[in-house]
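Beneath this line is the structure, given in structure tokens, with notes to follow.
The values are calculated or read from the model by the stated rules, or taken from the named source; none is laboratory data. Since this is a predicted model, take the numbers as computed values, not measurements. Note that we place each Cβ from the backbone using ideal geometry, even for glycine, and neighbour counts take in every protein chain shown. In case anyone asks, the SASA skips ligands and DNA or RNA and just uses the protein heavy atoms, side chains included. Shrake-Rupley method; radii C 1.70, N 1.55, O 1.52, S 1.80 Å.
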Amino acid sequence: RFILNKPYLIRYALLIATRFLLKFMSPIHVPQPLTSFAAGMMVHLAFFALGVSEAQRLRELGVREGNMIHIVKNGDTFVCCVESSRIALRREVAMNVFGTPSPL
């Protein structure tokens, strides 16, 4: 007969929860503002938290969800490369564009 004791069940539940969190909720996959990435990083754009007109203007410039960008400068102004173009953004705008770091 198999006897389940409480400490064993708690440890097992913690193990399963930890594996789930490490697999699906890795901090790498949580979108962050572009201003949180260092210069030189490649970033995969996730979404815009901007007004409709600002988001549309970025899309017209080639900054679209799903694109890869290279961060050139992260300071008072934010400069990034999209394909072969360099685009400068105000820091307030860059703080509302979210992405995840790209594996090299």
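Brief remarks on what is shown
- Residues within the stretch 68-77 that are surrounded by 16 or more Cβ atoms within 10 Å (Cβ to Cβ) and of a type outside the set (Val, Ile, Thr), tallied: 2
- Odd one out for His29 among (1) open to solvent by 90 Å² or more (accessible area, probe 1.4 Å); (2) under 12 Å from Gly99 (Cβ atoms); (3) modelled with pLDDT of 90 or more: (3)
- Residue in the stretch 32-48 that is nearest to Arg91 (Cα to Cα), counting only those that are touching a Phe, Trp or Tyr at 6+ places or on another chain (Cβ under 9 Å) and open to solvent by 50 Å² or more (accessible area, probe 1.4 Å): Gln32
- Yes/no for Val52 being farther than 16 Å from Pro31 by Cα and surrounded by 12 or more Cβ atoms within 10 Å (Cβ to Cβ): no
- Residues that are of a type in the set (Ser, Thr, Tyr) and surrounded by 12 or more Cβ atoms within 10 Å (Cβ to Cβ) were ranked within the stretch 78-104; the one that is modelled with the highest pLDDT is Thr100.
- Only residues that are more than 15 Å from Pro33 (Cβ to Cβ) and of a type outside the set (D, E, K, R) were counted in the stretch 78-104, giving 10.
- Residues that are over 15 Å from Val43 (Cα atoms) and in a strand (DSSP E or B), drawn from the stretch 59-84: Thr77
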